[in-house]
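Take a look at the structure below.
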Amino acid sequence: MKRFAPLLSFALLVPQGAGSHPHIFVDTALKVIVSDAGQLQAVEITWAYDEFYSLLIFEDRGLDGDFDGALTSAELAGLQGFDMVWTEGFQGDTYLTRDGAALALGAPEHLSTEVAEGRITTRHRRVLAQPQAADGVMIKAYDPTYYTAYTLTGGLKVSGGCQGHVTPPDLDAAYTKVEELLYAMPADQAEAAYPEVGAAFADTVQLSCGA
């Protein structure tokens with residue numbers, strides 16, 4: 001509900017309540033661009049949206065009138081960059097840190113939008129505001145409110161002779177955190193003020209360079 005308008009219509013169709021998070025499921029892929037000198041320069045991010053959310057986007061934009069899960073060339077052209085219209089303050093659900101300090105990313109650059117088997121897949125690039133030594137950088141893809149669930153199922157590629165190690169989330173600890181935070185607030189506030197637990201459900205990528 002913070003990225004672009006179609007999320008508003010999506011929220012109206014999903015049963016509300018504390019147990020209804022997340023609403024959108026995104027298979028994610030990362031391509032980390034590191035120079036030969038070991039400087040982290042940019043990250044290319046792929047989002048493959050689930051079939052139901054893709055269908056809602058089609059309906060919202062009047063696409064796929066024959067309901068075959070494919071778009072005409074004209075329809076696909078009109079869909080390009082649809083998820084790059086970000087509201088003010090939206091951080092792009094991709095977070096980089098080094099030694100605990102956040103690394104600033106530039107505005108997104110749309111690279112591609114494709115549709116296959118009823119699912120929308122988009123790809124964009126974020127350039128670091130200031131290149132950093134890649135060794136030790138941590139990358140997480142998540143929505144703080146856990147409205148959208150990102151899972152690093154699409155793969156990880158790292159250039160520049162560096163490697164990336166993926167650590168999956170501790171789901172037991174994450175769900176325990178949710179229960180504790182929800183229990184501490186009035187039930188009628190659970191949806192409107194859903195706790196920011198997305199980071200607890202995120203895969204963690206750690207970059208390492210050299211021997």
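The values are calculated or read from the model by the stated rules, or taken from the named source; none is laboratory data. In this text the structure is predicted, and so the values were computed from the model without any measurement. Virtual Cβ from ideal backbone geometry, glycine too; neighbours counted across all protein chains shown. Note: accessible area is taken over every heavy atom of the protein model, side chains too, but ligands, DNA and RNA are not part of it. Shrake-Rupley method; radii C 1.70, N 1.55, O 1.52, S 1.80 Å.
Subtracting the Cα-Cα distance of His165 and Phe67 from 0.36 nm times their residue separation leaves 31.3 nm of extension gain. Of the peptides 196-202, 36-42, the ranking by mean beta-carbon count within 10 Å, highest at the top, reads 196-202, 36-42. Look at the dipole of the stretch 27-85 built from charges on Cβ: of Leu63, Gly38, Gly81, the Cα furthest out on the positive end belongs to Gly38.
Send over a whole-number figure in Å² for the accessible area per residue of the stretch 35-162, probe 1.4 Å. Don't skip to the end; give the middle numbers.
Numbers: 6150 Å² over 128 residues.
Computed with neighbouring chains in place, this is 48 Å² per residue.
Modelled spin-label separation between Leu76 and Met138, with each label point placed 7 Å from Cα along the Cα-to-Cβ direction: 4.0 nm. Of the solvent-accessible surface of the stretch 70-126, computed with a 1.4 Å probe over protein heavy atoms with every protein chain present, carbon and sulfur atoms account for 49 percent.
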